[in-house]
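Structure first, commentary second.
Rule-based calculations on the coordinates, nothing more; no lab input. All values derive from a computational prediction rather than experimental measurement. No Cβ is skipped: glycine too gets one built from the backbone with ideal geometry, and neighbour counts run over all protein chains shown.
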Amino acid sequence: MTKEEKGAIIEELSEKFANTPYFYITDASGLNVAKTNELRRLCFERGIEYRVIKNTLIRKALESTDTDYSSFDAEVLTGFSGVMFHQESGKVAAKLIKDFLKANKNSIKLKGASVDSSIFIGHDQLDTLLTLKSKQELVGEIIGLLQSPAKNVISGLQSGGNKLAGILKTLSEKEAA
């Protein structure tokens, strides 16, 4: 690979890392060709771009981004590295890894992840990544919490109004009788 080709790959990766809020770096070195193809197929089906990239190219691309990924150097960017990119949710790749591990024990390992510029290092972070809520989910919960008191007041007023109307109707029927 020439310097120009490496430069083009680093530039492309830099853009990808800067514009993709969710990416996972994995080690799938224990997979045979059939299992690797199965992993790639699952990634494609779930809208995840999976690429095997040299660690030096990943390192140089990450250095050119605004976020500090220097903590990836020691543990994450060693050995075999495959990168999973996803645009919409931080959980999708974590769920795929977990599902793939159920069918293929010790086949893929999470080395590190970046979810909205938050850094997670190590395979033990997989369960944490599965429980993370997206920004949309958090905003939805906050809106629900903010709407809840107003809904309670309105329903209280409406039920009180119905009671008052019922009492007035009963009183008017008594006077008419």
**OP:** Send over the Kirkwood Rh of the stretch 16-115, from the inverse of the averaged 1/r over different Cα pairs, rounded to one decimal Å.
**Re:** 13.7 Å
Original post:
How large is the convex hull of the Cα atoms of the chain per residue, expressed in Å³ as a whole number?
Top reply: 178 Å³
Original post:
Normalised by the number of residues in the chain, what is the relative contact order in percent for Cα pairs under 8 Å and 6+ residues apart?
Top reply: 26 percent
**OP:** For the chain, build the charge dipole from Cβ charges (+1 Lys, Arg; -1 Asp, Glu) around the Cα centre, then report which of Leu168, Cys43, Thr128 sits farthest towards its positive end.
**Re:** Leu168
Subject >> Cα gyration tensor, the stretch 8-61 - rounded (a/c under 1.5), prolate or oblate >> reply: oblate
Original post:
So what is the calculated 222 nm ellipticity per residue for the chain, using -39500 (n - 2.57) for each DSSP H run with n of 4 or more, over all residues, to the nearest 500 deg cm²/dmol?
Top reply: -19000 deg cm²/dmol
**OP:** Provide the percentage of antiparallel DSSP beta bridges, counting only those with both residues in the chain; round to the nearest 5.
**Re:** 100 percent
